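Encoded as structure tokens, the structure appears first; notes follow it.
The values are calculated or read from the model by the stated rules, or taken from the named source; none is laboratory data. What you are looking at is a predicted structure, and each value in this text was computed from that prediction instead of being measured. With ideal geometry, Cβ positions are generated from the backbone for all residues, glycine too; neighbour counts draw on all protein chains shown. Ligands, DNA and RNA are excluded from the accessible area calculation, which covers all protein heavy atoms including side chains. Shrake-Rupley method; radii C 1.70, N 1.55, O 1.52, S 1.80 Å.
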Amino acid sequence: MELNVARAEGICGGLSHTSKMPCPSYNLPANECQVGSTLVGLEGSVCFGCYALKGRYPIPTVQRALYRRLKSLSNPLWADAIVVLIDASSTRFFRWHDSGDLQNHAHLDKIVTVCKRTPNVKHWLPTREAKIVRTQKDIPQNLVIRLSATLIDGAAPQWARLTSTVVSDGSETCPAHTQDNQCGTCRRCWDKRVQNIAYRKH
């Protein structure tokens with residue numbers, strides 16, 4: 001049976017929409033981050049004081065939705081459902097994980113499948129899961145995986161071609177802080193020509 005939007009949402013938990021992003025995204029519970037769950041307790045790390053553990057995120061209804069999405073990753077129709085929803089949104093850009101992160105290699109493989117099946121959409125996947133990403137050989141042209149630095153004002157991972165850092169010295173290259181904390185017309189995070197994105201510490 002071909003999936004419609006309603007059935008697709010029931011399978012994968014639906015897409016997420018944040019005020020900052022110019023496009024849909026997909027989020028998971030930040031409490032279930034592999035690397036992040038360790039870094040969140042380390043002062044000076046990029047995960048310390050994680051935004052995805054504050055604000056609206058801890059609200060029970062939000063948490064239930066996040067954990068439904070996490071559980072849905074094991075559904076064999078997960079990739080099909082995400083493709084249906086991305087196609088229905090008519091978006092040209094997509095962000096993976098405005099909260100949460102990669103869970104395992106199988107998770108990344110499913111994301112790669114979605115990207116291949118939505119070739120006209122530019123996908124951006126920020127992650128701290130170096131061990132998972134480092135062994136991934138098959139990365140589609142429309143998928144930008146940016147590996148994050150571990151520490152604020154720390155160096156970007158040297159082996160990764162595309163990275164992100166968090167800075168406190170005014171050297172940020174992300175313009176969001178000058179435009180009401182929104183991407184606006186900027187699409188640098190999705191641009192493979194931009195090797196590193198430096199975000200302002202907040």
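So here's what we get for this one:
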quantity	calculated
Some residue of region 142-162 being within 18 Å of Tyr26 (Cα to Cα), open to solvent by 10 Å² or more (accessible area, probe 1.4 Å) and either at pLDDT below 95 or in contact with a Gly (Cβ under 8 Å, 6 or more places away or on another chain) (or both)	no
Entirely in region 115-196, the strands (runs of 3 or more DSSP E) that have 1 or more residues that are without any contact (Cβ under 8 Å) to a residue 60 or more places away in the chain and more than 30 Å from Ala81 (Cβ to Cβ)	163-167
Filter pass, Thr127 being crowded, with 17+ Cβ neighbours inside 10 Å and touching a Leu at 6+ places or on another chain (Cβ under 6 Å)	yes
Some residue of region 77-89 being assigned to a loop (DSSP other than H, G, I, E, B) and of a type in the set (A, V, I, L, M)	yes
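Residues are listed down the side, and each one gets a yes or a no for (1) within 24 Å of Ala198 (Cβ to Cβ); (2) surrounded by fewer than 20 Cβ atoms within 10 Å (Cβ to Cβ); (3) in contact with a strand residue (DSSP E or B) (Cβ under 8 Å, 6 or more places away or on another chain):
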{"residue": "Asn27", "(1), (2), (3)": "yes, no, yes"}
{"residue": "Asn31", "(1), (2), (3)": "no, yes, no"}
{"residue": "Leu53", "(1), (2), (3)": "yes, yes, no"}
{"residue": "Leu66", "(1), (2), (3)": "no, no, no"}
{"residue": "Trp78", "(1), (2), (3)": "no, no, no"}
{"residue": "Phe94", "(1), (2), (3)": "yes, no, yes"}
